[in-house]
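Worksheet: the structure to be examined is printed underneath.
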Amino acid sequence: MRSCLFRDGQPIRNFRKAWDQACIQANLVDSSGVASRLFHDQCRTGVRNLMRAGVPEKTAMAINGHKTRSVFDRYNIVNEADLREAASHLEEALDRQSLETIKSFIMLVPGVGLEPTLLLREKGF
């Protein structure tokens, strides 16, 4: 299937020119009046928004027309904030796992000699 972009019912023949005009109309220009946004910036933003919304990668690839994983990966940019968020999620998961382990230990070992709440407080929970 071949895709085309249209304006006023007519195919856009010069995408670059049409993009520059759209940026100018949206006031997305630098101090010299040149378009300050690249079309691929918007593609990257679209992929990032889909991924952050929890859309499965294969679905995001289909929406954006990426046929290969390598092309998709070029648009799925990971930054410092993404890495910090991933580390935070991992830490939370490990904390929950540790809490469940402690609770299981308390339930399994009779007469541990400590109140469960005291033991949890000692472990920082």
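The values are calculated or read from the model by the stated rules, or taken from the named source; none is laboratory data. None of the values given here were measured: they were computed from a predicted structure. Neighbour counts are summed over all protein chains in view; Cβ atoms, including those assigned to glycine, are modelled from backbone coordinates with ideal geometry.
Remarks
- Members of region 1-57 that are surrounded by 10 or more Cβ atoms within 10 Å (Cβ to Cβ), of a type in the set (Ser, Thr, Tyr) and at pLDDT 85 or above: 45
A quick yes/no check of all residues on (1) over 16 Å from the mean Cα position of the chain (by Cα); (2) more than 16 Å from residue 43 (Cα to Cα); (3) surrounded by 12 or more Cβ atoms within 10 Å (Cβ to Cβ):
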| residue | (1), (2), (3) |
| --- | --- |
| 61 | no, no, yes |
| 65 | yes, no, no |
| 71 | yes, no, yes |
| 78 | no, no, no |
| 82 | no, yes, yes |
| 92 | yes, yes, no |
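- Of all residues in region 30-51, those satisfying the criterion of being of a type outside the set (Val, Ile, Thr) and assigned to a loop (DSSP other than H, G, I, E, B) are 30, 31, 32, 33, 36, 37, 38.
- Look at region 39-52: where a residue is free of Cβ contacts under 8 Å to residues at least 60 places away in the same chain and a partner is exposed (fewer than 13 other Cβ atoms within 10 Å of the Cβ), sitting 6+ places away or on another chain with Cβ atoms under 6 Å, you get 44/77.
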